[in-house]
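J.: Here it is, the structure, as structure tokens.
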Amino acid sequence: MAPTASELAGRDRRSVRRLSRQRLVSIFLAALTSIAGAVVTSVVAAGPAAAHNGLVSTTPTDGATVARAPSAVALTFDEPALALGTALVVTDSAGQQVQAGSASLVDTTVSQALQPGIPAGEYAVTWRVTSADGHPISGRFTFRAKAPAMGDRQGASSTPNPAGSASDQDQQPGSGGIPTWGWLLAGVAVVAALFVLAKRGRRRAAS
């Protein structure tokens, strides 16, 4: 018995729905594959760039004894640092801060001027530097001076210690925002949501 017109129409509708579902699945899989490839590529490419700065040397060197108190201390890194969040605090044996002004960044060197006329004795340098990737790194080194620095001392510094705000700064992302892989994963979620919505819409239209 030959199929009726209504049966043929029903078959046609089912064929159209089947093809539509297959097309949506193909589009979804293609988009998912593309996003996954972008995630892998961005993670691999960002690997070397995300490494923190490495400290190469300090001036004076850690634990050194110098003939005279220096006019400045310096840190040298393997790559340039960022000025935002970078600070050096230098204290004498009594805990008085003796730095003058803010840290200076030139190429891969971060230096901090000291007050003139600071006395002989033990000094500690507490530093916090923002890496090129935006993440803070910190450390401490000491040195001893046999004689006071040149010039007349003008009094102790009132510069705040950067360590006091370290915990607050650590709560912030070093890159200043959502990393690339986060946006890509969000894209995967958006594509999946669009796929589900499109599928529901076609079911309603078919019914």
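The values are calculated or read from the model by the stated rules, or taken from the named source; none is laboratory data. Remember, it's a predicted structure, so these values are computed and weren't measured experimentally. Backbone-built Cβ (ideal geometry, glycine too); neighbour counts: all protein chains shown.
J.: Among the residues of segment 45-60, is any within 28 Å of the chain's Cα centre (by Cα), at pLDDT below 95, in a loop (DSSP other than H, G, I, E, B) and of a type outside the set (Gly, Ala, Ser)?
T.: yes
J.: Let me ask something additional. Go through (1) out of contact with any Lys or Arg (no Cβ under 9 Å at 6 or more places or on another chain); (2) surrounded by fewer than 17 Cβ atoms within 10 Å (Cβ to Cβ); (3) under 24 Å from residue 146 (Cβ atoms) for residue 74 and report which single condition fails.
T.: Going through (1) out of contact with any Lys or Arg (no Cβ under 9 Å at 6 or more places or on another chain); (2) surrounded by fewer than 17 Cβ atoms within 10 Å (Cβ to Cβ); (3) under 24 Å from residue 146 (Cβ atoms) one by one, residue 74 breaks only (2).
J.: If I filter segment 97-137 down to residues being surrounded by fewer than 14 Cβ atoms within 10 Å (Cβ to Cβ) and over 17 Å from residue 71 (Cβ atoms), which single residue comes out as modelled with the lowest pLDDT?
T.: Per the criteria, the residue is 107.
J.: Name every residue in segment 61-98 that is in a strand (DSSP E or B) and charged (D, E, K, R), in order of residue number.
T.: Hits for segment 61-98 are 68, 92.
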